[in-house]
Amino acid sequence: MSNVAYDQQWSEAVNDLMEQVTIENMPAEKNEKNQVVGNSWNYEEWFQHNAQLYINYISIFKKIEDCYDQVIQPQKRIALKPLLECTLARICEVKAQLITFNKRPRSDLIHLDDLLMDLKKDPDVLEVPIPRFFKVDDRIPVKIVIPEVLEKKKEDEEEEKKKKKKKKVEPEEKKPLIPLCKKNQLLKHFMTQAYDTDEPAEEEITQPFFIDISLIDAIRLLQKSEMGRQGRKRILDAKNTYIKFTKDFEQKKLISEGHQQDISETEKERRACVYIQRRLRGILCRKNLL
């Protein structure tokens, strides 16, 4: 693409951003005295509004990122970079608002399939690409200072200083070890006091999938389930035959009234082949384009 094409794409992205600003201010309404009135939107409406903003910002971000990567003039790249960073930050803010109004509380997973179907877009629209200028501008050292980490580091240093100032505590004398025979005697004594015996308790193993049932009851249960299965199968077969009969009857009725032409088996096979060919050609064309 030429420089003119990328300049045009840049201007389109800026216009889209201006439209996004107007869309974001839509929920605020004003009364006759030109005062902002609180809107009456529920959580579902806020979620749909922010989801639309999120999808639009991602598409704008892709356009600007493409322009920044392909433009040659350094002056244009200097002007594009703040716009790109602000758009990326706005995507993160809208994502945080989506998590706030999410149907699943405290979940980062956002369900946008219904909105994508309404907009007739692919799920690839939601993929946020990593900006390519991260690799180019990686020579600049980035120092991120987190106040909580600094406070914790200072507290740890103060504690270490206090420990060093304290006097060393004299080691305690080690108690003599109890012999093994005496330990066994004490254990037996405590067992007899608590359980009136010094023998270990037997572990009862229960089988969760075991059913205490006689052979006759098991046979009756199997017969009952098999008869139910056969009955359901007979009902489904009768339903399928009835649907096929009604479909054939309606088709014959339309043919007799002249609303539909009688199609032979060869014609049906030809139409099926044409349909399969059309679908396969479309799939191959889309694959070649991508």
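The values are calculated or read from the model by the stated rules, or taken from the named source; none is laboratory data. This structure is a prediction, so every number in the text was calculated from the model and none was measured. Cβ: placed from backbone, ideal geometry, glycine included. Neighbour counts: every protein chain shown.
Just one of the listed residues (THR192, THR241, THR206) is modelled with pLDDT under 80 and of a type in the set (S, T, N, Q), and it is THR206.
Every test in (1) under 16 Å from the mean Cα position of the chain (by Cα); (2) modelled with pLDDT under 80 is passed by LEU150 save one, and that test is (1).
Identify all residues within region 118-133 that are assigned to a loop (DSSP other than H, G, I, E, B) and not hydrophobic (A, V, I, L, M, F, W, C); write none if there are none. Within region 118-133, LYS120, LYS121, ASP122, GLU127, PRO129, PRO131, ARG132 meet the criteria.
The residues on offer are GLU44, GLU93, and the sole one that is modelled with pLDDT under 85 and assigned to a helix (DSSP H, G or I) is GLU44. Restricting ASN34, ASN15, ASN39 to residues that are at positive phi and either at pLDDT 60 or above or in a loop (DSSP other than H, G, I, E, B) (or both) narrows the list to ASN34. Would you be able to say whether some residue in region 254-262 is surrounded by 10 or more Cβ atoms within 10 Å (Cβ to Cβ) and part of a loop (DSSP other than H, G, I, E, B)? Yes, there is a match, as at least one residue in region 254-262 is surrounded by 10 or more Cβ atoms within 10 Å (Cβ to Cβ) and part of a loop (DSSP other than H, G, I, E, B).
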